[in-house]
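Scroll down for the structure; my scribbles are underneath it.
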Amino acid sequence: MKEFINNINWRPFIIIFLSLLLSLLIGSIFMISSGYNPLNVYLMMFQGAFIGKINIMNSLKNATPLIFTSMAVLIAFRTGTFNIGVEGQLFMGAIAAAWAGFSLEGLPSIIHIPLSLLFAIIAGALYAMIPAILKFKFNVNEIITTIMLNSIAFLFTSYLVNYPLRESPMAPQTPKVFESARLPRLTDSSQVSVGIIIAVIFAVIFWFVFKKTTFGFRTRVVGEASSFAEFSGISPVRTAFYGMLISGAVAGLAGGVELLGVHYRFVELFPTGLGFNGILIAWLGKGTPLGALFAALFYSGIQSGAMTVDWITSIPRQLSDTLLVLMVFFIAAEGMFDWVWPLKKKFLNKKDQKAGVEKNA
Amino acid sequence: MAYAVEMLGITKYFPGVVANDSVDLKVKEGEIHALVGENGAGKSTLMNALYGLFQPDEGTIKINGEKVVMQSSNDAIQRGIGMVHQKFKLIPSFTIVENICLGSEPRKNKYFIDKKEEYKSVVEISDKYGLKIDPSSKIRDCAVGIGQRVEILKTLYRKANILILDEPTSVLTPQETDELFKVIRNLVNKGKTVIFITHKLREVMEISDTVTVLRKGKLTGFKPTSETNENEIARMMVGRDVLLRVDKKAIESEQKPILEIEDLVSTDNRGLVALNQISFEVKPGEILGIAGVQGNGQSELIETITGLRKIERGIIKIKSKKINRFSPKSIRETGISHIPEDRVERGLNLDATIEENLIVTSHDKKPFSSMGIFDFNKIEEYSEQLINEYDIRTSNSKNKAESLSGGNMQKIVVAREIEEDPDLLIAAQPTRGVDIGSIEFIHKKIIEARDQGKAVLLVSTELDEIMSLSDRIIVMCEGEIVKIIPGGIADEEELGLLMAGIVPDTLQSKMRREAK
């Protein structure tokens, strides 16, 4: 047991902890300047996030799409591709699920739900195929194309809900999906659906694929050492192409689950930022599926906590986004901690050296 | 005679290793001092300490009898120490003069460089030490040998009296090496002191006055060169007797070739012709060596055969089957395996574990995986077996490849590629940057493969390696085959000329030349 504890690499945990601490410190500057005691506010936040059934359910609801989008970011990133287009693929998935949900009538739930989700998956994958083909066939930078395609997805779905799919002249929105297409909710009092269960299962599947399968191995080899992969008979282009398609499919699924589980219809003001926050959460989770799962749960906790703080005080709910961005910033700048802590590092090295020398002798 | 450099009791720890263990280095003024040792023996550590790149944990350094502590390479330069690194640190788009003066240009005033003065002083130094260059040509247009001269001039421009040359001959042809040796002798005649790092024993014997040998961070030999010999130095380096020549059986009967290449044409990364109508074949049980100065089409040839580079024209056949448009994977599956020249870029994934690196080419086959899911027990078992068999020095098969020394990294590549049981083994620079002990082992493995009836295509810039292993030798120059000669009768001088593209008309003309 002692050996097990010694073998754990504590560094990531220490870094995450220090990042959290620093973010909270900086956040408290805002609160003090608004005349609040940061400790009270953070306590309020914690209660709003994790204490009480309603708060917990609300956090889970917020976490659901983020788990999917962070997985979508992860798989592409593993092959060395930056899918900034998760946001747009999510929109395409949501609108496709909405269409399948309100236009296919008379199906039983057991067929209607999977079918609508399948529409979402296909829509997301097809939309991701555009930057994938451009990148792998014509060598066009995927970061630029996916950013552009995000705007196109916003405008295209906006056009659809304003004209062809508009329910009534009253508001730019689609009809509600049929009961048979709605994801069952876990409780009556909140919007959290079985989507959260699907999301957790997906995170575990991703963990398994990355850890245990040949495909997961190939994506890593391609991302880490592209010319080595090619040399070893693993096609970097094909692997990264599949990575991008899966990424788009999962992003589409995120949109589908969000629509069929929470909103039931596509409104022009469909929530934005789920894709972008997925990128941040993938970072926060240190690039692993289970890490991202916990990061998503943690962040949505902060989110619902910040909501509570917003109701009670005059501190805006954007506090949660600020804290997330700060944390990701500190984690990305992890080298900084070595600089802040040179003495600690020196001490560790000395110890390692001595241990190593004794072993060699 | 006074010592120019005295390093006494130098000890340097790195996490987990003692890179230098109370090492002494005493270099007399005005001598050529060879510092030899296998990779990882601590040569670079010692020299980096002398050049001020880091400070030793214990020990003292004296320069010209004066005890010094050097905080940075600037301190070292101030004290007249200059270093020529193995990898040149030159800017290709700058001229030779600009490269030499970079960072310490003579100035007209605070803001402007005095170009005339710059040019004048470079020409002066180059004349004084007999280092011929064209001062205004750009580095990118220069041969490797010239680049090296520029590096030496750079140190001289900064008034170096003690020059450290780190494996200077590894990039040179035999003729260029001779030139370099002339330059070194000239420097010493003009009062400079030279520390010459190498692992080529022949060069030690030829050029040095004194030799210091390191093994595993410890001093194992310090002698005047005239009082020792190649075998003794090799023993001090490795710690046991080393076979410097390779033993091998003679080639067997005529058989159908495994690899056939006809009129092969392909281009390099810039789109220029790199291979110009190459034709040859490799038979089972034969090692075909390809000699040539680096950058004369050898890399492109191998990339084309292994499917990593497009074929412009011509035919490549494996076992009489045309493989022109095959993917790298299908080419592997027809029975080719490949030890690439660049083990860090192509041969290994340094971020991955030793296990992963050993199975990567067959990770999707049984027993390592079935239905796309790995069997980690089988992988571990197999890796442990190869680690034993190929003597890969590591504490755990799950260590990252980057934790190994160059020689052990190369053994991973060699193990993986030979265990594929190929019909054709392509070995490109299989022993570059590898210690003597590992070289001997890798050579043995290559010969074993040949004796089992495999065809071997060996590409190397080390003439010794080509001459001792090959049954036939192809000499390449500027993308063409200059000549194909039987391995047994090749001599180094002839190969050197052929590598430079000079074809001695006949053997007779050569004899006539010798008679003169």
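Any read-out appearing in this document is the output of simple, stated calculations on the displayed coordinates, not a laboratory observation. Given the structure is predicted, the values throughout are model-derived calculations rather than measurements. Cβ atoms come from the backbone with ideal geometry, glycine included; neighbour counts cover every protein chain shown.
A compact table of results
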| item | result |
| --- | --- |
| Residues B:Ile233, A:Ile32, A:Ile198, sorted so that the one with the fewest Cβ neighbours within 10 Å comes first | A:Ile32, A:Ile198, B:Ile233 |
| In sequence order, calculated HN-Hα J values of the stretch A:292-303 (Karplus, 6.51, -1.76, 1.60; Hz; x Gly/Pro) | 5, 4, 5, 4, 5, 4, 4, 5, 5, x, 4, 4 |
| Chain B - mean residue ellipticity at 222 nm from DSSP helices (-39,500 (n - 2.57) per run, n ≥ 4, rounded to 500) | -9500 deg cm²/dmol |
| Loop-resident sites, the stretch B:162-216, for trypsin sites (Lys or Arg not before Pro), counting at most 15 other Cβ within 10 Å (DSSP) | B:Lys190 |
| Mean projected area in nm² (Cα convex hull; one quarter of hull surface) for the stretch A:1-103 | 12.1 |
| Whole-number D in µm² s⁻¹ for the stretch B:3-238, Kirkwood Cα-pair radius fed into Stokes-Einstein, 4 °C, 1.567 mPa s | 71 |
| Rh by Kirkwood over Cα pairs, then Stokes-Einstein D for chain B at 1.306 mPa s and 10 °C, µm²/s | 63 |
| Principal-axis tilt of helix B:406-419 within chain B, Cα atoms, nearest 10 degrees | 10 |
| Proxy reagent accessibility, fewest Cβ within 10 Å first, across B:Lys454, A:Lys53, A:Lys135, B:Lys378 | A:Lys53, B:Lys378, A:Lys135, B:Lys454 |
| The stretch B:377-478: mean projected area of Cα convex hull, nm² | 7.5 |
| Listed residue pairs exceeding 26 Å between alpha carbons, taken from B:Lys120/B:Lys159; B:Lys317/B:Lys454; B:Lys12/B:Lys192 | B:Lys12/B:Lys192 |
| Angle between chain B longest axis and helix B:376-389 axis [Cα atoms, degrees, rounded to 10] | 60 |
| Whole-number D in µm² s⁻¹ for the protein assembly as shown, Kirkwood Cα-pair radius fed into Stokes-Einstein, 37 °C, 0.692 mPa s | 103 |
| Principal axes of the stretch B:1-92: Cα extent on each, largest first, Å | 40, 35, 25 |
| Relative contact order %, chain B, counting alpha carbon pairs below 8 Å whose residues are six or more apart | 14 |
| In Hz, Karplus ³J(HN,Hα) per residue of the stretch B:109-118 (6.51, -1.76, 1.60; θ = phi - 60°; x = Gly, Pro) | 8, 4, 10, 10, 7, 8, 4, 5, 4, 3 |
| Long pairs among B:Lys400/B:Lys445; A:Lys137/B:Lys398; B:Lys128/B:Lys200; A:Lys61/A:Lys212; B:Lys216/B:Lys378; B:Lys322/B:Lys411, criterion Cα-Cα beyond 26 Å | A:Lys137/B:Lys398; B:Lys128/B:Lys200; A:Lys61/A:Lys212; B:Lys216/B:Lys378; B:Lys322/B:Lys411 |
| Förster radius 41 Å - calculated FRET efficiency between B:Ser370 and B:Leu272 (Cβ-Cβ, nearest 0.05) | 0.30 |
| Shape box of chain A [Cα atoms, principal axes, largest first, Å] | 78, 61, 38 |
| Exposure proxy ranking, count of Cβ atoms within 10 Å, fewest first, for B:His85, B:His33 | B:His85, B:His33 |
| Cα centroid separation, the stretch A:38-69 to the stretch A:129-174 (Å) | 31 |
| 12 Å Cα-Cα reach of B:Lys256 towards aspartates and glutamates, excluding residues that sit fewer than 8 places from it in its own chain | B:Glu281, B:Glu286 |
| Amide H contacts of B:Leu131 (H built 1.01 Å from N, under 5 Å, at least 5 apart or other chain) | none |
| Between 0 and 90°, nearest 10: helix B:174-189 axis offset from chain B longest Cα axis | 20 |
